[in-house]
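In what follows, a single structure is set out as structure tokens and then discussed.
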Amino acid sequence: MSPVDYGTIIAFISLIFKMQSDKAQAGETLGQMKQQIKSLEARASHVDAKLSEIDEKLSQLVDSTARLETSIQILLARDNGINLLEPIARRV
């Protein structure tokens with residue numbers, strides 16, 4: 001065998017090692033990316049739960065505001081001598 005043949009064999013072996021090293025590095029990167037995806041999904045789930053809680057509390061605020069408005073209207077009408085709870089036909 002000539003020195004060129006030895007060089008070719010060594011180059012081929014180093015190419016195989018380099019490919020294995022790149023494959024391992026790519027696998028490690030893929031594993032890190034999968035872990036980041038799981039972490040982001042967990043955070044998204046937590047955010048969804050918080051948004052649902054905020055939505056529920058907002059609905060409660062809207063309901064309580066409507067009740068408060070109604071109570072204020074009744075009180076204002078009572079101060080003006082109008083009974084809003086009495087049927088319209090009796091008011092006239």
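Per residue of the chain, the DSSP helices (runs of n ≥ 4 H) give a summed -39500 (n - 2.57) that works out to -32500 deg cm²/dmol at 222 nm. Using the empirical formula 2.2 N^0.38 Å as the baseline, the Cα radius of gyration of the chain reaches a ratio of 3.07. Rounded to the nearest whole Hz, the Karplus-based 3J(HN,Hα) values (6.51 cos²θ - 1.76 cosθ + 1.60, θ = phi - 60°) of the range 52-68 follow the sequence 5, 5, 5, 4, 5, 5, 5, 4, 5, 5, 4, 4, 5, 5, 5, 5, 5, with x at glycine and proline. Per-residue Karplus couplings for the range 7-23, computed as 6.51 cos²θ - 1.76 cosθ + 1.60 with θ equal to phi - 60°, are listed in order as x, 5, 5, 5, 5, 5, 5, 5, 5, 5, 4, 5, 5, 5, 5, 5, 5 Hz, Gly and Pro entered as x. Please compute the modelled spin-label separation between L30 and E69, points set 7 Å along Cα→Cβ, answer in nm with one decimal. Here the modelled spin labels are 5.8 nm apart.
A short reminder: the numbers here are calculations on the coordinates, not readings from a lab. Please read all numbers here as calculations on a predicted model, not as lab measurements. So basically every Cβ, Gly included, is an ideal-geometry build from the backbone, and we count neighbours across all protein chains shown.
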